[in-house]
1. Got at least one residue in the range 50-65 being more than 25 Å from residue 146 (Cβ to Cβ), among the β-branched types (Val, Ile, Thr), over 17 Å from the mean Cα position of the chain (by Cα) and not in a loop (DSSP other than H, G, I, E, B)?
2. For the range 117-127, what are the residues that are under 16 Å from residue 98 (Cα atoms) and either open to solvent by less than 70 Å² (accessible area, probe 1.4 Å) or touching a residue at least 40 places away in the same chain (Cβ under 8 Å) (or both)?
3. Could you tell me which residue of the range 176-193 is surrounded by the fewest Cβ atoms within 10 Å (Cβ to Cβ), considering only residues that are within 18 Å of the chain's Cα centre (by Cα) and within 11 Å of residue 159 (Cα to Cα)?
4. Which is more than 16 Å from the chain's Cα centre (by Cα), more than 21 Å from residue 186 (Cβ to Cβ) and open to solvent by 40 Å² or more (accessible area, probe 1.4 Å), of 95, 80?
5. Looking at (1) over 21 Å from residue 120 (Cβ atoms); (2) open to solvent by less than 10 Å² (accessible area, probe 1.4 Å); (3) among the β-branched types (Val, Ile, Thr), find the lone condition where residue 8 falls short.
6. I'd like the residue in the range 102-116 that is open to solvent by 10 Å² or more (accessible area, probe 1.4 Å) and touching a strand residue (DSSP E or B) at 6+ places or on another chain (Cβ under 8 Å) and, out of all such residues, is nearest to residue 31 (Cα to Cα).
7. Out of all the residues in the range 142-175, which are modelled with pLDDT under 95 and either of a type in the set (A, V, I, L, M) or surrounded by fewer than 16 Cβ atoms within 10 Å (Cβ to Cβ) (or both)?
8. Which pairs do you get when a residue that is free of Cβ contacts under 8 Å to residues at least 24 places away in the same chain and of a type in the set (Ser, Thr, Tyr), found in the range 164-193, comes within reach of a residue that is part of a helix (DSSP H, G or I) and loosely packed, with under 15 Cβ neighbours inside 10 Å, reach meaning Cβ atoms under 9 angstrom, with the pair 6+ apart or on two chains?
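The values are calculated or read from the model by the stated rules, or taken from the named source; none is laboratory data. Note that the coordinates shown come from a computational prediction; the quantities given were computed from them, not determined experimentally. No Cβ is skipped: glycine too gets one built from the backbone with ideal geometry, and neighbour counts run over all protein chains shown. Just so you know, the surface numbers come from the protein's heavy atoms only, side chains and all, with ligands and any DNA or RNA stripped out. Shrake-Rupley method; radii C 1.70, N 1.55, O 1.52, S 1.80 Å.
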Amino acid sequence: MQHITALVFNDFETLDLFGPVEMLGSLKDNYSFQFCSIDGGLINSVHGVPLATTAIADLPNPTDILLVVGGFGTRQLVEDSQFLETLRNLANEADWVLSVCTGSALLAKAGLLDGRQATSNKIAWEWATSQSDKVNWIKKARWVVDGKYYTSAGVSAGMDMALAFISDRHGKETAAQVVKHTEYRWTSDSGCD
């Protein structure tokens, strides 16, 4: 069993989180989730969806896979040195790091994507890519894989990236079963953006 730590903050994009959770959560024997924030407590998505979180210092399990979401809340967090240091620590601990939307801007600002290929939300492209000139930003990509980092374009692209992660780890047949179960139309071509 691998533990997925989802790092959230106020004004995160709802589907950035719950899309990948739906896909990865379909493999209950493989993955468990822990939802965390800097101080714990209730965190609200940009749509006002409340989520109970654990403080990072109190996480009960190690972080095998880190899920970093995006949303309007990222705009302030790129200037928050405590958050960026926490993000660096979690990412360095994790075997895999998955980011959705402007979550890659946070990774870039933390220096975690230096020298790597990555993508981000296309509507927020200029802002996201301005967070670091040390990243090889790939604009025409639904998701990008570089080492242990999977970065995706905006919102719904996170589900496609999560399915690609499942396919890479467990085979295409397993990903196809998740697609069927969720009645989702998977964009399985990472360059189809």
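1. yes
2. Listed by number, the residues that qualify are 118, 119, 120, 121.
3. 188
4. None of the others qualify; the one that does is 80.
5. Condition not satisfied by residue 8: (1).
6. Here the residue is 112.
7. 155
8. Cβ pairs passing all conditions: 167/173.
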